[in-house]
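Peer 1: One structure is given below, represented as structure tokens, and several questions about it will come after.
Nothing in this text is a laboratory measurement; each read-out follows from the coordinates by a stated rule. Nothing here was measured: the structure is a model prediction, and the numbers come from that model. Because the Cβ atoms are built from the backbone with ideal geometry, glycine has one as well, and the counts that use them run over all protein chains shown.
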Amino acid sequence: MTNDEALQLMRSVLAKVAPEADLGEVAAGESLQEALDLDSFDFLTFVIGLAEGTGIEIPDRDFAKLATVEGCVAYLTSAH
Amino acid sequence: MQGNVIPKSGEYRGAVPNMADYEAERASFTWEKARQALDGLPKGGGLNIAHEAVVRHASGPRRDHVAIRCIGRHGERLEVTYGELDERSSRFANVLSALGVQPGERVFALMPRTVDLFVAAMGTLKHRSVLCPLFAAFGPEPICQRMELGGGRALITTPTLYRHKVAGIRDRLPELRHVLLVGESASSGAGPDGTLDLDGLLGEADADYEIGATDPEDMALLHFTSGTTGKPKGAVHVHDAVVSHYATGRIALDLHADDVFWCTADPGWVTGTSYGIISPLVHGVTAIVDEGDFDAQRWYETLEREAVTVWYTAPTALRMLMQAGASMAKEHDLSRLRFIASVGEPLNPEVVVWGQEALGLPIHDNWWQTETGGIMVANYACMDIRPGSMGRPLPGIEATVLVRDENDAVEVGADGVVVEAGVGQEGELALRPGWPSMFRGYLGNPERYRSSFVGGWYLSGDLVRRDEDGYFWFVGRGDDVIKSAGHLIGPFEVESAMMEHPAVAEAAVIGKPDPLLGEVVKAFVTLHAGYEGNEELRLDLIGFARTRLGAAVAPREIAFDQHLPHTSSGKIMRRLLKARELGLPEGDTSTLEVRP
């Protein structure tokens with residue numbers, strides 16, 4: 001998966017979890033939850049969406065790696 | 001259901017429980033005796049929460065003991081001793097004083113979980129103003145409504161929260177005189193118009209503050225909660241509540257002087273104030289505060305690294321930990337943990353048992369609510385647990401179950417006497433008024449307060465039954481209030497926000513059972529002519545509601561329904577919608593009228 005594909009996936013998953021959220025407003029290293037007002041359940045749904053969109057299994061222990069935009073991109077592009 | 005019992009052997013990890021025998025404590029306990037464990041203000045000046053929580057420790061041997069250890073979002077740690085908290089909160093009280101904020105006036109805090117919040121809380125109480133913490137995950141509408149109802153005179157918040165949630169509603173809050181910004185880069189330059197830099201003001205303020213005479217019945221805390229209809233209710237609590245915060249911390253949470261205590265609740269909800277801030281400080285223990293959000297790995301690391309001994313958390317969090325697997329728990333050394341308690345909604349028996357397997361300790365469920373101000377019914381360190389039961393009433397608390405009539409109201413005889421339910425019979429959980437942390441009113445709504453009491457009992461709104469040994473078992477809510485992730489959500493508040501959307505003609509909101517959250521908010525909406533209920537509109541409505549209400553309150557599910565069921569008087573029948581959602585019999589629908 002390329003950087004652009006990863007961002008595209010994040011946008012499409014987010015559009016279902018928090019339709020009002022604009023990923024473009026979030027700095028690369030900023031906490032997604034904080035910047036977009038996602039609660040723990042939103043974030044869990046978001047991670048599950050990423051897992052379903054890629055077919056990657058994301059264990060709970062890796063959730064913290066997905067806390068930022070850059071973290072998500074790095075994780076998704078390096079998987080497989 | 002009562003087949004499974006987790007017996008208490010009398011051998012305890014770490015420390016012997018403060019309460020060794022439930023029956024004996026119940027027989028000897030009085031609130032008057034409990035009050036004697038506190039100091040009171042010098043020279044007979046009354047009782048003030050901040051004095052008991054901070055000043056008395058700062059002027060004694062616990063001055064250098066760590067009061068708060070705050071873990072920042074990125075893992076950075078910040079420790080504050082009782083002496084430091086005393087000094088900083090005195091500065092805060094002096095800032096309020098210099099601004100002209102009066103005792104009795106409301107000071108709102110819309111804050112992340114940081115040290116600044118503790119400073120603001122204790123400073124506000126020292127100044128005898130009224131602390132009203134708000135949940136930072138609320139959207140602008142719930143914030144505006146609560147600040148309006150509470151007549152907020154001052155607000156403490158961060159630059160980001162101000163920008164996102166307050167700036168747009170400021171002109172609707174004429175009583176709000178002062179906005180104090182703290183944290184982030186608040187002090188790096190001029191803030192937005194009409195705001196003050198709190199750090200700058202604290203730096204200039206005097207570090208000494210003498211608490212004025214405080215009547216134990218003076219208003220101290222304001223916590224908003226939700227009902228089925230109408231606006232949120234502001235439950236008023238007084239300084240005397242600290243007697244309950246102390247006694248319940250001792251009995252229900254088993255706090256000992258050397259404990260490291262972690263209450264995971266956000267102070268925007270009553271648990272996070274009563275037990276996240278006040279109770280641990282009154283006991284002089286070290287309180288852990290995590291600014292970050294739930295993450296299974298992070299939580300286990302926190303329990304291990306901080307050597308947490310007493311942990312107070314919520315069913316949703318425990319269920320999420322359970323989902324992450326027992327193996328993750330077993331990778332961490334949790335041997336310092338001595339006591340685990342949970343509150344917010346009934347804890348499923350499987351979770352209680354899971355605690356024993358994964359964490360090496362059973363989980364003690366307890367019950368209380370915003371109006372009660374402190375724990376009322378609990379499972380105790382010394383008492384056998386019946387998984388799935390909320391436990392037995394605290395010493396000093398008289399609880400019963402009252403029979404309800406066919407209209408779902410507590411049955412009252414011609415002589416004004418209510419009927420107590422027999423063993424195993426379902427009814428409404430009721431408490432005999434008179435404990436110190438009982439609410440003293442709903443701000444500005446005496447009628448609603450009066451209607452909370454019948455025949456000398458406070459009615460909780462929760463349906464329960466009591467078994468032959470006096471354990472209470474939760475059955476369900478007696479009204480339409482939704483409980484999601486342990487937070488009460490009023491359907492009316494959500495429906496009102498939904499109806500502001502141009503496509504929505506009518507909305508009905510219910511709690512739909514959910515394995516993790518207990519319930520999720522689900523909205524049924526009727527559309528105006530010309531709108532089509534498609535996926536695009538569904539997402540638009542969800543985004544619309546989230547922007548106004550915030551993630552914690554907004555619906556997560558939306559269904560289009562052009563024929564919502566109404567009673568003949570025109571009220572939406574939420575309960576019927578819920579019964580349909582659950583696939584249950586729809587009950588008596590004789591008053592049902594389906595409008596075309």
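Peer 1: What's the average, rounded to a whole number, of partner chain beta-carbon atoms within 10 Å of each residue's beta-carbon in B:133-145?
Peer 2: 1
Peer 1: Taking amide H positions as placed 1.01 Å from N in the peptide plane, with prolines and chain starts having none, which residues 5 or more places from residue B:239, or on another chain, fall under 5 Å of its amide H?
Peer 2: Distant-sequence amide H within range of residue B:239: B:218, B:220.
Peer 1: Pop the C-beta distance of residue A:64 and residue B:77 into the FRET formula with R0 = 22 Å and round what comes out to the nearest 0.05.
Peer 2: On the way: r = 17 Å, r/R0 = 0.76.
Result of the calculation: an efficiency of 0.85.
Peer 1: Let me ask something else. Over the range B:482-594, what is the relative contact order in percent, taking alpha-carbon pairs closer than 8 angstrom and at least six residues apart?
Peer 2: On the way: 183 pairs, mean separation 27.0, N = 113.
This gives 24 percent for the range B:482-594.
Peer 1: Under 5 Å between amide hydrogens, which residues at least 5 positions from residue B:477 or on another chain qualify, with H placed 1.01 Å from N in the peptide plane?
Peer 2: Amide H neighbours of residue B:477, under 5 Å, 5+ apart: B:463.
Peer 1: Return the long-range amide H neighbours of residue B:41 (sequence gap of 5 or more, or a different chain), with a cut-off of under 5 Å between placed amide H atoms.
Peer 2: Hits under the 5 Å cutoff: B:46, B:47, B:48.
Peer 1: In debye to the nearest 20, how big a dipole does the protein assembly as shown give about its Cα centre with +1 on each Lys and Arg Cβ and -1 on each Asp and Glu Cβ? Please list the in-between numbers first.
Peer 2: Working: 61 positive and 97 negative charges, 195 e Å.
For the protein assembly as shown, the charge dipole is close to 940 debye.
Peer 1: Moving on to the next point. Please work out the C-alpha center-to-center distance from the range B:193-266 to the range B:438-497 and express it in whole Å.
Peer 2: The distance from the Cα centre of the range B:193-266 to that of the range B:438-497 comes to 22 Å.
Peer 1: Give the span of the range B:395-477's Cα atoms along each principal axis, as three whole-Å numbers ordered largest to smallest.
Peer 2: Rounded to whole Å, the extents work out to 40, 32, 25 Å.
Peer 1: For chain B, with only Lys/Arg (+1) and Asp/Glu (-1) charged at the beta-carbon, what is the dipole magnitude about the Cα centre, in debye rounded to 20?
Peer 2: On the way: 57 positive and 82 negative charges, 93 e Å.
Rounded to the nearest 20 debye, it is 440 debye.
Peer 1: Using the alpha carbons of the range B:146-217, what is the convex hull volume per residue in cubic angstrom, as a whole number?
Peer 2: Working: hull volume 8.9 nm³, N = 72.
Spelled out: Cα convex hull of the range B:146-217, divided by residues, is 124 Å³.
Peer 1: Along the range B:101-106, what does the Karplus equation 6.51 cos²θ - 1.76 cosθ + 1.60 (θ = phi - 60°) give for ³J(HN,Hα), rounded to whole Hz, x for Gly and Pro?
Peer 2: 5, 9, x, x, 7, 8
Peer 1: Between Rg and the Kirkwood Rh of the range B:37-293, both from Cα atoms, what is the Rg to Rh ratio? Walk me through the numbers on the way to the answer.
Peer 2: Details: Rg = 17.0 Å, Rh = 18.1 Å.
Here the Rg-to-Rh quotient is 0.94.
Peer 1: Right, another one. Quick check: from the Cα gyration tensor, does the range B:482-594 come out rounded (a/c under 1.5), prolate or oblate?
Peer 2: Values: a/c = 1.76, a/b = 1.10, b/c = 1.60.
Here the range B:482-594 falls in the oblate category.
Peer 1: ³J(HN,Hα) across the range B:311-325 via Karplus (A = 6.51, B = -1.76, C = 1.60, θ = phi - 60°), whole Hz, x for Gly/Pro?
Peer 2: Couplings: 10, 10, 9, 10, x, 4, 5, 5, 5, 5, 5, 4, 5, 6, x Hz.
Peer 1: Further question: Could you point to the residue in B:549, B:68, B:166 farthest towards the positive end of the protein assembly as shown's charge dipole, with +1 and -1 charges on the Cβ of Lys/Arg and Asp/Glu respectively?
Peer 2: The Cα lying farthest towards the positive end belongs to B:68.
Peer 1: Spelling out what I want: for every residue of the range B:326-342, take phi, set θ = phi - 60°, compute 6.51 cos²θ - 1.76 cosθ + 1.60 (Karplus), and round to whole Hz; glycine and proline get x.
Peer 2: My calculation for the range B:326-342 gives 5, 5, 5, 4, 6, 6, 10, 7, 10, 5, 7, 4, 10, 8, 10, 10, 9 Hz in order.
Peer 1: Restricting attention to the range B:194-249, which GluC sites (Glu not before Pro) occupy a DSSP loop and are surrounded by at most 16 other Cβ atoms within 10 Å? Could you put the intermediate results ahead of the total?
Peer 2: Working: sites: B:204, B:210, B:217; in loops: B:210, B:217.
Sites meeting the loop and neighbour criteria: B:210, B:217.
Peer 1: Find the Rg to Rh ratio for the protein assembly as shown, where Rh is the Kirkwood radius over alpha-carbon pairs and Rg uses the same atoms.
Peer 2: Numbers: Rg = 24.6 Å, Rh = 26.0 Å.
Here the Rg-to-Rh quotient is 0.95.
Peer 1: Once a ≥ b ≥ c are taken as the square roots of the eigenvalues of the Cα gyration tensor of chain A, is the result rounded (a/c under 1.5), prolate (a/b larger than b/c) or oblate (a/b not larger than b/c)? Provide the component values of the computation, followed by the final result.
Peer 2: Working: a/c = 1.39, a/b = 1.25, b/c = 1.11.
Verdict is rounded for chain A.
Peer 1: What does the charge add up to near residue B:41, with Lys and Arg as +1, Asp and Glu as -1, over the other residues with Cβ less than 15 Å from its Cβ?
Peer 2: Working: positive: B:35, B:43, B:56, B:126, B:128; negative: B:39, B:52, B:86, B:210, B:215, B:217, B:218, B:240.
So the environment of residue B:41 carries a net charge of -3.
Peer 1: Another question, if that's okay. What is the magnitude of the charge dipole of the range B:395-477 about its Cα centre, with +1 placed on the Cβ of each Lys and Arg, -1 on the Cβ of each Asp and Glu, and no other charges, expressed in debye to the nearest 20?
Peer 2: Working: 8 positive and 14 negative charges, 101 e Å.
With only Lys, Arg, Asp and Glu charged at Cβ, the dipole is about 480 debye.
Peer 1: Counting only other chains, what is the mean number of Cβ atoms within 10 angstrom of the Cβ of each residue in peptide B:540-553? Write down the numbers at each step before the final one.
Peer 2: Values: counts 2, 1, 5, 5, 2, 2, 9, 5, 1, 0, 2, 13, 5, 1.
That works out to 4 on average.
Peer 1: Expressed as a rounded percentage, what relative contact order does the range B:395-477 have, with Cα pairs under 8 Å and six or more residues apart? Write down the numbers at each step before the final one.
Peer 2: On the way: 137 pairs, mean separation 24.9, N = 83.
After rounding, I find 30 percent.
Peer 1: With an 8 Å Cα cut-off and a minimum separation of 6 or more residues, compute the relative contact order for chain B in percent. The partial results should precede the final answer.
Peer 2: Details: 1280 pairs, mean separation 78.8, N = 596.
Rounded, it is 13 percent for chain B.
Peer 1: Next up: Averaged over B:321-328, how many beta carbons belonging to a partner chain fall within 10 Å of each residue's beta carbon?
Peer 2: Numbers: counts 1, 0, 2, 4, 3, 0, 1, 3.
If you average over the peptide's residues, the count of other-chain Cβ atoms is 2.
Peer 1: In the range B:280-334, with Lys and Arg counted as +1 and Asp and Glu as -1 at Cβ, which of these residues, B:324, B:288, B:303, has the Cα nearest the positive end of the dipole, that is, farthest along it?
Peer 2: With unit charges placed on the Cβ atoms, the residue in question is B:324.
Peer 1: Another question about this same structure. Using the per-residue mean of other Cβ atoms lying within 10 Å as a proxy for protection, in what order, highest first, do the peptides B:42-49, B:28-35 fall?
Peer 2: B:42-49, B:28-35
Peer 1: Just going by the charge dipole of the protein assembly as shown, with Lys and Arg at +1 and Asp and Glu at -1 on Cβ, which of B:417, B:194, B:334 is farthest out on the positive end?
Peer 2: Selected residue: B:417.
Peer 1: Here is a follow-up. Using just the helices of chain B, give the 222 nm mean residue ellipticity in deg cm²/dmol: DSSP H runs with n ≥ 4 each add -39,500 (n - 2.57), and the total is spread over all residues, rounded to 500.
Peer 2: Working: 17 runs with 147 residues, N = 596.
Rounded to the nearest 500, it is -7000 deg cm²/dmol.
Peer 1: Let me ask something else about it. Taking the radius of gyration and the Kirkwood hydrodynamic radius from Cα positions alone, what is the Rg/Rh ratio for the range B:1-151, to two decimal places? Display every interim value, and only then the final one.
Peer 2: Numbers: Rg = 20.0 Å, Rh = 18.8 Å.
Radius of gyration relative to Kirkwood radius: 1.07.
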